[in-house]
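The structure appears right after this line, and notes come after that.
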Amino acid sequence: MLTIKRGATPILTNIPPDLGDYVQKQRNGIDFATLNFVQIGDTPTDLQLDDSVEILGTTYSLISKPPVVEKIDSRKHRFQCVFEAEHYKMKRVKYFFLNPTNNLKEKAFTIMGDLSVFVGLLKLNLDRDNPGKWTIGAVDITEARNISFDNANCLSAIAQLVSDFQTEFWMNGNEINFISKAKNNGLVFKYGQGNGLYNIVRSPQDDESAPITRLSVYGGSRNLPAGYRDFANTLQLDDPIELPTTLPLNEETITFPEIFPQYLGTVTAVGNEFSFSASAMPFNLNDQLLPGLTAKVIFQTGLLAGYEIEVASYDNTNKTFVVNKVASEKDLEIPSPDLHAEVGDTFIIVDMDPPIELVELAEQQLADFGMEYYLANNFHKRNYAVTPDRMDFKRKSIKLEVADQVRLVDGPLGVDRLIPIESFKTYYAKSEWDNELTLSDYPIIDPYTRLIRAQIKQAQGSQPTPPIQSPKIYTYERVGTFMKEGCEVGKEGTVYVHTRKYTSLE
(Lines give C-alpha, C1' and ligand atoms only; values in the text may rest on other atoms or scores of the structure.)
Protein backbone atom coordinates (compact mmCIF):
# COMPACT_ATOMS: atom_id res chain seq x y z
CA MET A 1 0.00 0.00 0.00
CA LEU A 2 1.18 3.49 -0.86
CA THR A 3 0.77 6.92 0.73
CA ILE A 4 0.57 10.22 -1.15
CA LYS A 5 1.86 13.22 0.80
CA ARG A 6 1.61 16.98 0.48
CA GLY A 7 4.84 18.12 2.01
CA ALA A 8 5.18 15.89 5.07
CA THR A 9 1.41 15.47 5.52
CA PRO A 10 -0.32 12.30 4.22
CA ILE A 11 -3.38 13.16 2.11
CA LEU A 12 -4.17 9.69 0.71
CA THR A 13 -3.25 6.46 2.48
CA ASN A 14 -3.53 2.72 1.87
CA ILE A 15 -3.51 3.14 -1.91
CA PRO A 16 -3.47 -0.21 -3.76
CA PRO A 17 -1.59 0.33 -7.05
CA ASP A 18 -2.72 -1.38 -10.22
CA LEU A 19 -0.81 -4.57 -11.06
CA GLY A 20 0.28 -2.92 -14.31
CA ASP A 21 1.90 0.05 -12.57
CA TYR A 22 5.64 0.32 -12.97
CA VAL A 23 8.79 2.32 -12.37
CA GLN A 24 10.71 3.16 -15.57
CA LYS A 25 14.43 3.95 -15.40
CA GLN A 26 16.52 4.65 -18.47
CA ARG A 27 19.86 6.13 -19.45
CA ASN A 28 20.41 9.87 -19.13
CA GLY A 29 18.11 10.48 -16.20
CA ILE A 30 14.75 9.06 -17.26
CA ASP A 31 13.09 8.01 -13.98
CA PHE A 32 9.33 8.01 -13.37
CA ALA A 33 6.55 5.88 -11.90
CA THR A 34 2.95 5.27 -12.94
CA LEU A 35 0.24 4.96 -10.33
CA ASN A 36 -3.34 4.04 -11.21
CA PHE A 37 -5.92 3.53 -8.48
CA VAL A 38 -9.61 3.88 -7.65
CA GLN A 39 -10.77 6.15 -4.83
CA ILE A 40 -14.14 5.49 -3.24
CA GLY A 41 -16.06 8.52 -2.01
CA ASP A 42 -18.32 11.30 -3.17
CA THR A 43 -15.51 13.76 -3.94
CA PRO A 44 -12.11 12.78 -5.34
CA THR A 45 -9.02 14.12 -3.62
CA ASP A 46 -7.63 17.14 -5.45
CA LEU A 47 -4.06 16.00 -6.11
CA GLN A 48 -1.74 18.90 -6.88
CA LEU A 49 1.72 19.45 -8.33
CA ASP A 50 4.51 18.46 -5.92
CA ASP A 51 2.35 15.91 -4.12
CA SER A 52 4.66 12.93 -3.65
CA VAL A 53 4.78 9.19 -3.13
CA GLU A 54 7.58 6.85 -2.12
CA ILE A 55 8.02 3.77 -4.32
CA LEU A 56 10.82 1.24 -3.87
CA GLY A 57 12.71 3.65 -1.64
CA THR A 58 12.61 6.60 -4.05
CA THR A 59 10.41 9.68 -3.70
CA TYR A 60 8.50 10.63 -6.85
CA SER A 61 6.37 13.77 -7.30
CA LEU A 62 3.69 15.15 -9.59
CA ILE A 63 5.95 17.54 -11.51
CA SER A 64 4.80 17.91 -15.10
CA LYS A 65 1.02 17.70 -14.76
CA PRO A 66 -1.75 16.66 -12.36
CA PRO A 67 -3.40 13.27 -12.75
CA VAL A 68 -6.21 12.27 -15.06
CA VAL A 69 -9.35 11.59 -13.00
CA GLU A 70 -12.18 9.49 -14.45
CA LYS A 71 -15.59 9.23 -12.79
CA ILE A 72 -16.63 5.59 -13.11
CA ASP A 73 -19.76 5.78 -10.93
CA SER A 74 -21.31 8.11 -8.36
CA ARG A 75 -18.80 7.17 -5.63
CA LYS A 76 -15.80 5.89 -7.57
CA HIS A 77 -13.05 7.83 -9.32
CA ARG A 78 -10.11 6.35 -11.18
CA PHE A 79 -6.79 8.21 -10.97
CA GLN A 80 -4.09 7.92 -13.63
CA CYS A 81 -0.89 9.49 -12.30
CA VAL A 82 2.67 9.86 -13.52
CA PHE A 83 5.08 10.69 -10.70
CA GLU A 84 8.59 11.81 -11.65
CA ALA A 85 11.96 11.81 -9.92
CA GLU A 86 13.09 14.94 -8.07
CA HIS A 87 15.51 16.11 -10.76
CA TYR A 88 12.59 16.56 -13.19
CA LYS A 89 11.92 19.80 -11.26
CA MET A 90 14.90 21.24 -13.14
CA LYS A 91 12.57 21.71 -16.11
CA ARG A 92 10.87 24.49 -14.12
CA VAL A 93 14.08 26.56 -14.06
CA LYS A 94 15.23 28.44 -17.16
CA TYR A 95 18.79 28.05 -18.43
CA PHE A 96 19.67 31.74 -18.52
CA PHE A 97 23.00 33.37 -19.24
CA LEU A 98 24.73 36.44 -17.83
CA ASN A 99 23.66 39.73 -19.36
CA PRO A 100 26.07 42.68 -19.73
CA THR A 101 25.53 43.55 -16.04
CA ASN A 102 26.36 39.97 -15.01
CA ASN A 103 22.80 38.95 -14.10
CA LEU A 104 21.28 35.66 -15.24
CA LYS A 105 18.61 37.02 -17.58
CA GLU A 106 19.66 36.17 -21.17
CA LYS A 107 17.49 33.45 -22.71
CA ALA A 108 19.10 33.41 -26.20
CA PHE A 109 22.87 33.10 -26.30
CA THR A 110 25.84 31.21 -27.69
CA ILE A 111 28.78 30.13 -25.52
CA MET A 112 32.19 28.75 -26.40
CA GLY A 113 33.43 26.47 -23.64
CA ASP A 114 34.16 22.96 -22.47
CA LEU A 115 31.55 20.89 -20.64
CA SER A 116 32.50 22.26 -17.22
CA VAL A 117 31.60 25.79 -18.36
CA PHE A 118 28.06 24.73 -19.28
CA VAL A 119 27.67 22.64 -16.13
CA GLY A 120 28.84 25.58 -14.05
CA LEU A 121 26.18 27.73 -15.70
CA LEU A 122 23.63 25.01 -14.90
CA LYS A 123 24.61 25.20 -11.23
CA LEU A 124 24.32 29.00 -11.23
CA ASN A 125 20.76 28.79 -12.55
CA LEU A 126 19.68 26.01 -10.19
CA ASP A 127 21.03 28.02 -7.25
CA ARG A 128 18.91 31.06 -8.11
CA ASP A 129 15.89 29.79 -6.15
CA ASN A 130 17.26 26.74 -4.33
CA PRO A 131 20.86 27.54 -3.34
CA GLY A 132 22.80 24.45 -2.37
CA LYS A 133 20.05 21.95 -3.21
CA TRP A 134 21.90 20.54 -6.23
CA THR A 135 25.59 19.67 -6.29
CA ILE A 136 27.98 18.85 -9.13
CA GLY A 137 29.71 15.48 -9.11
CA ALA A 138 31.91 13.98 -11.83
CA VAL A 139 32.19 15.89 -15.11
CA ASP A 140 33.97 14.68 -18.26
CA ILE A 141 37.06 16.55 -19.38
CA THR A 142 36.13 17.69 -22.89
CA GLU A 143 37.13 19.88 -25.76
CA ALA A 144 35.56 23.34 -26.19
CA ARG A 145 32.41 23.61 -28.26
CA ASN A 146 30.27 26.48 -29.51
CA ILE A 147 26.66 25.84 -28.44
CA SER A 148 23.53 27.97 -28.76
CA PHE A 149 20.51 28.00 -26.47
CA ASP A 150 17.20 29.79 -26.84
CA ASN A 151 14.58 29.66 -24.09
CA ALA A 152 15.91 26.36 -22.76
CA ASN A 153 15.12 25.06 -19.31
CA CYS A 154 17.75 23.36 -17.20
CA LEU A 155 16.55 19.83 -17.98
CA SER A 156 16.37 20.42 -21.75
CA ALA A 157 19.81 22.06 -21.56
CA ILE A 158 21.13 18.89 -19.92
CA ALA A 159 19.76 16.83 -22.81
CA GLN A 160 21.47 19.16 -25.30
CA LEU A 161 24.80 18.90 -23.47
CA VAL A 162 24.57 15.10 -23.43
CA SER A 163 24.07 15.11 -27.20
CA ASP A 164 26.61 17.78 -28.13
CA PHE A 165 29.40 16.51 -25.86
CA GLN A 166 28.65 12.79 -26.41
CA THR A 167 28.53 12.21 -22.67
CA GLU A 168 26.12 10.67 -20.17
CA PHE A 169 23.96 12.28 -17.48
CA TRP A 170 22.95 10.57 -14.25
CA MET A 171 21.90 11.48 -10.74
CA ASN A 172 23.17 10.26 -7.39
CA GLY A 173 20.64 11.72 -4.99
CA ASN A 174 20.88 15.46 -5.65
CA GLU A 175 24.34 15.16 -7.20
CA ILE A 176 24.51 15.83 -10.95
CA ASN A 177 27.03 13.83 -12.97
CA PHE A 178 28.14 14.09 -16.60
CA ILE A 179 30.35 11.07 -17.21
CA SER A 180 29.96 7.46 -18.32
CA LYS A 181 28.45 5.28 -15.61
CA ALA A 182 29.00 1.97 -17.39
CA LYS A 183 30.58 -0.79 -15.32
CA ASN A 184 30.78 -4.57 -15.60
CA ASN A 185 28.73 -5.99 -12.76
CA GLY A 186 30.02 -9.51 -13.43
CA LEU A 187 26.59 -11.00 -14.12
CA VAL A 188 26.07 -13.56 -16.90
CA PHE A 189 22.52 -13.96 -18.24
CA LYS A 190 21.34 -16.99 -20.18
CA TYR A 191 17.97 -18.37 -21.14
CA GLY A 192 16.54 -21.11 -18.94
CA GLN A 193 15.83 -22.04 -15.34
CA GLY A 194 18.58 -20.97 -12.98
CA ASN A 195 20.30 -18.91 -15.68
CA GLY A 196 18.49 -15.64 -14.97
CA LEU A 197 16.19 -15.25 -18.00
CA TYR A 198 13.00 -16.85 -19.24
CA ASN A 199 12.53 -14.71 -22.34
CA ILE A 200 14.80 -12.96 -24.89
CA VAL A 201 13.56 -10.84 -27.82
CA ARG A 202 16.18 -9.67 -30.32
CA SER A 203 15.34 -6.68 -32.53
CA PRO A 204 17.27 -4.24 -34.73
CA GLN A 205 18.07 -0.85 -33.29
CA ASP A 206 15.95 2.04 -34.55
CA ASP A 207 18.85 3.48 -36.56
CA GLU A 208 19.98 0.11 -37.89
CA SER A 209 21.55 0.12 -41.34
CA ALA A 210 23.27 -2.64 -43.30
CA PRO A 211 26.72 -3.63 -41.96
CA ILE A 212 29.62 -1.91 -43.71
CA THR A 213 31.98 -4.26 -45.55
CA ARG A 214 34.13 -1.75 -47.47
CA LEU A 215 35.01 1.66 -46.07
CA SER A 216 36.79 4.56 -47.78
CA VAL A 217 38.23 6.94 -45.17
CA TYR A 218 38.98 10.65 -45.63
CA GLY A 219 40.48 13.26 -43.34
CA GLY A 220 40.62 17.03 -43.21
CA SER A 221 41.87 19.48 -45.83
CA ARG A 222 44.18 21.65 -43.74
CA ASN A 223 47.99 21.46 -43.48
CA LEU A 224 48.41 19.22 -46.53
CA PRO A 225 51.88 19.34 -48.17
CA ALA A 226 52.16 20.75 -51.68
CA GLY A 227 51.27 18.06 -54.24
CA TYR A 228 50.01 15.68 -51.55
CA ARG A 229 48.87 12.36 -53.12
CA ASP A 230 48.63 13.79 -56.64
CA PHE A 231 47.01 16.97 -55.38
CA ALA A 232 44.30 15.31 -53.28
CA ASN A 233 42.28 17.88 -51.35
CA THR A 234 41.85 15.79 -48.19
CA LEU A 235 44.00 13.48 -46.09
CA GLN A 236 43.63 9.95 -47.51
CA LEU A 237 44.72 6.32 -47.21
CA ASP A 238 46.17 4.07 -49.91
CA ASP A 239 43.13 1.77 -50.09
CA PRO A 240 39.66 1.31 -48.59
CA ILE A 241 39.36 -0.76 -45.42
CA GLU A 242 37.95 -4.20 -46.20
CA LEU A 243 38.18 -7.42 -44.19
CA PRO A 244 37.09 -10.96 -45.12
CA THR A 245 33.39 -11.45 -44.40
CA THR A 246 30.39 -13.53 -45.40
CA LEU A 247 28.19 -10.42 -45.46
CA PRO A 248 27.07 -8.97 -48.81
CA LEU A 249 28.98 -5.99 -50.16
CA ASN A 250 28.01 -2.65 -48.64
CA GLU A 251 30.36 0.20 -49.49
CA GLU A 252 30.45 3.34 -47.38
CA THR A 253 32.58 6.43 -46.80
CA ILE A 254 33.48 8.30 -43.63
CA THR A 255 35.18 11.67 -43.24
CA PHE A 256 37.04 12.81 -40.14
CA PRO A 257 37.54 16.52 -40.95
CA GLU A 258 39.43 17.11 -37.70
CA ILE A 259 42.19 14.67 -38.67
CA PHE A 260 44.95 16.42 -40.60
CA PRO A 261 48.69 16.91 -40.00
CA GLN A 262 48.82 18.86 -36.77
CA TYR A 263 50.83 19.34 -33.61
CA LEU A 264 49.06 19.74 -30.26
CA GLY A 265 51.09 22.20 -28.23
CA THR A 266 50.82 23.20 -24.58
CA VAL A 267 51.43 26.72 -23.28
CA THR A 268 54.29 26.66 -20.76
CA ALA A 269 54.76 30.41 -20.20
CA VAL A 270 52.91 33.65 -20.92
CA GLY A 271 54.51 37.01 -21.67
CA ASN A 272 51.54 39.32 -22.24
CA GLU A 273 48.18 38.91 -23.89
CA PHE A 274 49.88 38.64 -27.29
CA SER A 275 52.75 36.26 -26.49
CA PHE A 276 53.16 32.79 -25.06
CA SER A 277 55.73 30.00 -25.15
CA ALA A 278 55.51 26.25 -25.74
CA SER A 279 58.83 24.75 -24.61
CA ALA A 280 58.14 21.31 -26.16
CA MET A 281 57.66 22.67 -29.69
CA PRO A 282 59.50 20.03 -31.82
CA PHE A 283 60.10 22.01 -35.03
CA ASN A 284 60.89 25.51 -36.21
CA LEU A 285 57.63 27.03 -37.41
CA ASN A 286 59.58 29.54 -39.51
CA ASP A 287 60.77 26.65 -41.71
CA GLN A 288 57.20 25.49 -42.34
CA LEU A 289 55.56 28.74 -43.47
CA LEU A 290 53.70 28.83 -46.79
CA PRO A 291 53.89 31.66 -49.37
CA GLY A 292 50.82 33.86 -49.22
CA LEU A 293 49.48 32.27 -46.02
CA THR A 294 49.80 33.30 -42.39
CA ALA A 295 50.17 30.50 -39.87
CA LYS A 296 47.52 30.42 -37.17
CA VAL A 297 46.98 28.82 -33.78
CA ILE A 298 43.60 27.39 -32.78
CA PHE A 299 43.21 27.05 -29.02
CA GLN A 300 41.61 23.84 -27.82
CA THR A 301 41.26 24.74 -24.14
CA GLY A 302 41.28 27.82 -21.93
CA LEU A 303 39.75 31.27 -22.31
CA LEU A 304 40.68 31.37 -26.01
CA ALA A 305 39.25 27.92 -26.79
CA GLY A 306 37.87 27.83 -30.33
CA TYR A 307 39.56 31.01 -31.50
CA GLU A 308 41.77 30.91 -34.61
CA ILE A 309 44.49 33.56 -34.19
CA GLU A 310 47.17 34.63 -36.67
CA VAL A 311 50.81 34.16 -35.69
CA ALA A 312 52.69 37.45 -36.12
CA SER A 313 56.11 35.93 -35.37
CA TYR A 314 57.79 32.88 -33.88
CA ASP A 315 61.08 32.81 -31.95
CA ASN A 316 62.49 29.30 -32.27
CA THR A 317 65.20 29.89 -29.66
CA ASN A 318 62.69 30.62 -26.90
CA LYS A 319 59.80 28.70 -28.52
CA THR A 320 57.72 31.88 -28.25
CA PHE A 321 54.67 32.84 -30.32
CA VAL A 322 53.51 36.40 -30.85
CA VAL A 323 49.95 36.64 -32.16
CA ASN A 324 47.79 39.33 -33.71
CA LYS A 325 44.40 40.57 -32.65
CA VAL A 326 41.49 38.66 -34.16
CA ALA A 327 40.40 41.02 -36.93
CA SER A 328 36.98 39.41 -37.38
CA GLU A 329 35.95 40.31 -33.83
CA LYS A 330 34.29 43.73 -34.09
CA ASP A 331 32.73 43.93 -30.62
CA LEU A 332 35.36 42.09 -28.60
CA GLU A 333 39.14 42.34 -28.30
CA ILE A 334 40.81 38.93 -28.72
CA PRO A 335 43.29 38.55 -27.13
CA SER A 336 43.01 41.12 -24.34
CA PRO A 337 44.10 41.50 -20.71
CA ASP A 338 40.97 39.54 -19.73
CA LEU A 339 40.96 36.99 -22.56
CA HIS A 340 44.39 35.54 -23.26
CA ALA A 341 46.41 32.33 -23.24
CA GLU A 342 47.25 30.75 -19.89
CA VAL A 343 49.79 28.14 -18.82
CA GLY A 344 48.38 24.68 -19.55
CA ASP A 345 46.20 25.78 -22.46
CA THR A 346 46.49 23.57 -25.53
CA PHE A 347 46.52 24.64 -29.18
CA ILE A 348 47.14 23.37 -32.70
CA ILE A 349 48.85 25.13 -35.62
CA VAL A 350 47.22 25.45 -39.05
CA ASP A 351 48.07 26.97 -42.43
CA MET A 352 51.61 25.63 -42.48
CA ASP A 353 53.58 23.09 -44.53
CA PRO A 354 53.83 20.31 -41.94
CA PRO A 355 56.93 18.19 -41.28
CA ILE A 356 56.64 14.76 -42.90
CA GLU A 357 56.46 13.16 -39.45
CA LEU A 358 53.16 14.94 -38.78
CA VAL A 359 51.76 13.78 -42.13
CA GLU A 360 52.66 10.15 -41.39
CA LEU A 361 51.20 10.41 -37.89
CA ALA A 362 47.96 11.90 -39.25
CA GLU A 363 47.58 9.13 -41.83
CA GLN A 364 48.14 6.51 -39.13
CA GLN A 365 45.49 8.17 -36.95
CA LEU A 366 43.15 8.23 -39.92
CA ALA A 367 43.73 4.52 -40.52
CA ASP A 368 43.16 3.73 -36.83
CA PHE A 369 39.97 5.76 -36.67
CA GLY A 370 38.73 4.24 -39.91
CA MET A 371 39.33 0.71 -38.65
CA GLU A 372 37.59 1.47 -35.37
CA TYR A 373 34.58 2.86 -37.23
CA TYR A 374 34.59 -0.13 -39.59
CA LEU A 375 34.63 -2.67 -36.75
CA ALA A 376 31.88 -0.79 -34.91
CA ASN A 377 29.64 -0.89 -37.99
CA ASN A 378 30.53 -4.28 -39.49
CA PHE A 379 27.73 -6.18 -37.77
CA HIS A 380 23.99 -5.94 -37.19
CA LYS A 381 23.28 -3.74 -34.15
CA ARG A 382 20.68 -5.24 -31.86
CA ASN A 383 18.48 -4.49 -28.91
CA TYR A 384 17.69 -7.34 -26.55
CA ALA A 385 14.49 -7.16 -24.50
CA VAL A 386 14.88 -9.72 -21.74
CA THR A 387 12.53 -10.84 -18.99
CA PRO A 388 14.41 -11.94 -15.87
CA ASP A 389 13.40 -14.96 -13.83
CA ARG A 390 12.17 -13.06 -10.76
CA MET A 391 12.54 -16.07 -8.46
CA ASP A 392 16.14 -16.49 -9.58
CA PHE A 393 16.80 -12.75 -9.11
CA LYS A 394 15.21 -12.82 -5.65
CA ARG A 395 17.08 -15.94 -4.59
CA LYS A 396 20.41 -14.40 -5.67
CA SER A 397 19.46 -10.87 -4.47
CA ILE A 398 20.37 -9.44 -7.88
CA LYS A 399 20.06 -5.65 -7.98
CA LEU A 400 20.54 -3.88 -11.32
CA GLU A 401 21.22 -0.30 -12.32
CA VAL A 402 20.90 1.46 -15.64
CA ALA A 403 24.27 1.42 -17.46
CA ASP A 404 25.42 -1.80 -15.76
CA GLN A 405 27.11 -4.07 -18.29
CA VAL A 406 25.92 -7.68 -18.24
CA ARG A 407 27.14 -10.58 -20.31
CA LEU A 408 24.34 -11.97 -22.45
CA VAL A 409 24.94 -15.48 -23.79
CA ASP A 410 22.71 -17.29 -26.29
CA GLY A 411 24.20 -19.50 -28.99
CA PRO A 412 21.16 -19.76 -31.28
CA LEU A 413 20.71 -15.96 -31.22
CA GLY A 414 24.41 -15.46 -31.87
CA VAL A 415 25.25 -13.33 -28.85
CA ASP A 416 28.00 -13.71 -26.26
CA ARG A 417 29.26 -10.32 -25.11
CA LEU A 418 28.92 -7.51 -22.61
CA ILE A 419 25.92 -5.26 -23.31
CA PRO A 420 24.83 -2.27 -21.19
CA ILE A 421 21.39 -2.02 -19.62
CA GLU A 422 19.63 0.73 -21.56
CA SER A 423 16.49 0.69 -19.42
CA PHE A 424 14.48 -1.38 -17.02
CA LYS A 425 10.89 -1.43 -15.94
CA THR A 426 9.84 -2.72 -12.52
CA TYR A 427 6.24 -3.79 -11.91
CA TYR A 428 6.44 -2.77 -8.27
CA ALA A 429 2.84 -3.70 -7.37
CA LYS A 430 3.69 -7.32 -8.13
CA SER A 431 7.24 -7.49 -6.77
CA GLU A 432 10.45 -5.49 -6.75
CA TRP A 433 11.91 -8.47 -8.63
CA ASP A 434 9.36 -8.33 -11.46
CA ASN A 435 11.43 -6.55 -14.12
CA GLU A 436 11.74 -6.12 -17.88
CA LEU A 437 15.18 -5.13 -19.19
CA THR A 438 16.38 -3.67 -22.47
CA LEU A 439 20.02 -4.27 -23.31
CA SER A 440 21.44 -2.05 -26.02
CA ASP A 441 24.82 -0.93 -27.31
CA TYR A 442 25.41 2.73 -26.53
CA PRO A 443 26.27 5.24 -29.24
CA ILE A 444 30.05 5.27 -29.63
CA ILE A 445 31.98 8.47 -28.96
CA ASP A 446 33.72 9.30 -32.20
CA PRO A 447 37.45 8.48 -32.21
CA TYR A 448 38.65 12.06 -32.71
CA THR A 449 36.68 13.28 -29.69
CA ARG A 450 38.21 10.54 -27.55
CA LEU A 451 41.68 11.38 -28.84
CA ILE A 452 41.46 15.11 -28.17
CA ARG A 453 40.03 14.48 -24.70
CA ALA A 454 42.87 12.11 -23.91
CA GLN A 455 45.34 14.76 -25.03
CA ILE A 456 43.61 17.40 -22.91
CA LYS A 457 43.72 15.12 -19.86
CA GLN A 458 47.40 14.46 -20.44
CA ALA A 459 48.10 18.19 -20.73
CA GLN A 460 46.06 19.04 -17.64
CA GLY A 461 47.26 16.13 -15.52
CA SER A 462 45.29 13.17 -14.25
CA GLN A 463 42.89 15.18 -12.08
CA PRO A 464 39.99 16.86 -13.87
CA THR A 465 39.43 20.56 -13.31
CA PRO A 466 36.37 21.01 -11.06
CA PRO A 467 33.35 22.65 -12.68
CA ILE A 468 32.93 26.36 -12.11
CA GLN A 469 30.63 27.34 -9.27
CA SER A 470 30.58 31.13 -9.73
CA PRO A 471 30.65 33.60 -12.62
CA LYS A 472 33.91 33.85 -14.53
CA ILE A 473 34.83 35.31 -17.89
CA TYR A 474 32.61 34.12 -20.72
CA THR A 475 32.30 35.09 -24.32
CA TYR A 476 28.76 34.92 -25.63
CA GLU A 477 26.42 36.22 -28.26
CA ARG A 478 23.16 38.01 -27.69
CA VAL A 479 20.51 37.81 -30.40
CA GLY A 480 17.91 40.54 -30.76
CA THR A 481 15.65 42.27 -33.27
CA PHE A 482 14.76 45.83 -34.09
CA MET A 483 12.61 47.62 -36.67
CA LYS A 484 14.15 50.16 -38.98
CA GLU A 485 12.73 53.60 -38.25
CA GLY A 486 12.09 56.65 -40.42
CA CYS A 487 10.21 54.88 -43.17
CA GLU A 488 7.54 56.73 -45.13
CA VAL A 489 3.97 57.02 -43.91
CA GLY A 490 1.98 53.98 -44.93
CA LYS A 491 5.11 51.89 -45.46
CA GLU A 492 6.02 48.93 -43.31
CA GLY A 493 9.27 48.95 -41.39
CA THR A 494 11.94 46.31 -41.87
CA VAL A 495 12.76 43.93 -39.04
CA TYR A 496 16.44 43.11 -38.61
CA VAL A 497 17.98 40.33 -36.58
CA HIS A 498 21.32 41.28 -35.06
CA THR A 499 23.92 39.43 -33.04
CA ARG A 500 26.21 41.20 -30.61
CA LYS A 501 29.06 39.61 -28.65
CA TYR A 502 29.69 40.34 -24.99
CA THR A 503 32.25 39.41 -22.40
CA SER A 504 30.92 38.86 -18.90
CA LEU A 505 32.49 40.58 -15.93
CA GLU A 506 34.71 38.66 -13.54
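The values are calculated or read from the model by the stated rules, or taken from the named source; none is laboratory data. Everything numeric here is computed off the predicted structure, so don't read it as measured data. FYI the Cβ positions are ideal-geometry reconstructions off the backbone, even for glycines, and counts take in every protein chain you see.
Data for the structure
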{"item": "Residue check for residue 327: farther than 23 Å from residue 145 by Cβ and outside the structural domain of residue 269 (by TED's automatic domain parsing)", "result": "no"}
{"item": "Candidates 379, 369 - the one that is farther than 16 Å from residue 190 by Cβ, under 30 Å from the mean Cα position of the chain (by Cα), of a type in the set (Phe, Trp, Tyr) and in a loop (DSSP other than H, G, I, E, B)", "result": "379"}
{"item": "Residues satisfying the stated conditions in region 78-126, i.e. modelled with pLDDT of 90 or more, out of contact with any Ser or Thr (no Cβ under 9 Å at 6 or more places or on another chain) and either among the polar types (S, T, N, Q) or at positive phi (or both)", "result": "125"}
{"item": "Residue in region 110-117 that is of a type in the set (Gly, Ala, Ser), touching a residue at least 12 places away in the same chain (Cβ under 8 Å) and assigned to a helix (DSSP H, G or I) present", "result": "yes"}
{"item": "Failed item in (1) touching a strand residue (DSSP E or B) at 6+ places or on another chain (Cβ under 6 Å); (2) within 16 Å of residue 159 (Cβ to Cβ), with residue 135 passing the rest", "result": "(2)"}
{"item": "Selection count, region 17-68, where residues are among the hydrophobic types (A, V, I, L, M, F, W, C), in contact with a Lys or Arg (Cβ under 7 Å, 6 or more places away or on another chain) and surrounded by fewer than 16 Cβ atoms within 10 Å (Cβ to Cβ)", "result": "3"}
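Yes/no matrix, rows are residues, columns are (1) exposed (fewer than 14 other Cβ atoms within 10 Å of the Cβ); (2) aliphatic (A, V, I, L, M); (3) free of Cβ contacts under 8 Å to residues at least 60 places away in the same chain:
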site: 203; (1), (2), (3): yes, no, no
site: 212; (1), (2), (3): no, yes, no
site: 219; (1), (2), (3): no, no, no
site: 231; (1), (2), (3): yes, no, yes
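To keep it simple, each residue is scored yes or no on (1) more than 31 Å from the chain's Cα centre (by Cα); (2) modelled with pLDDT under 90.
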{"position": "305", "(1), (2)": "no, yes"}
{"position": "318", "(1), (2)": "yes, no"}
{"position": "344", "(1), (2)": "no, no"}
{"position": "357", "(1), (2)": "yes, no"}
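Table: residues versus (1) crowded, with 21+ Cβ neighbours inside 10 Å; (2) in a loop (DSSP other than H, G, I, E, B); (3) of a type in the set (Val, Ile, Thr).
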{"site": "301", "(1), (2), (3)": "yes, yes, yes"}
{"site": "313", "(1), (2), (3)": "no, no, no"}
{"site": "317", "(1), (2), (3)": "no, yes, yes"}
{"site": "321", "(1), (2), (3)": "yes, no, no"}
{"site": "328", "(1), (2), (3)": "no, yes, no"}
{"site": "332", "(1), (2), (3)": "no, yes, no"}
{"site": "338", "(1), (2), (3)": "no, yes, no"}
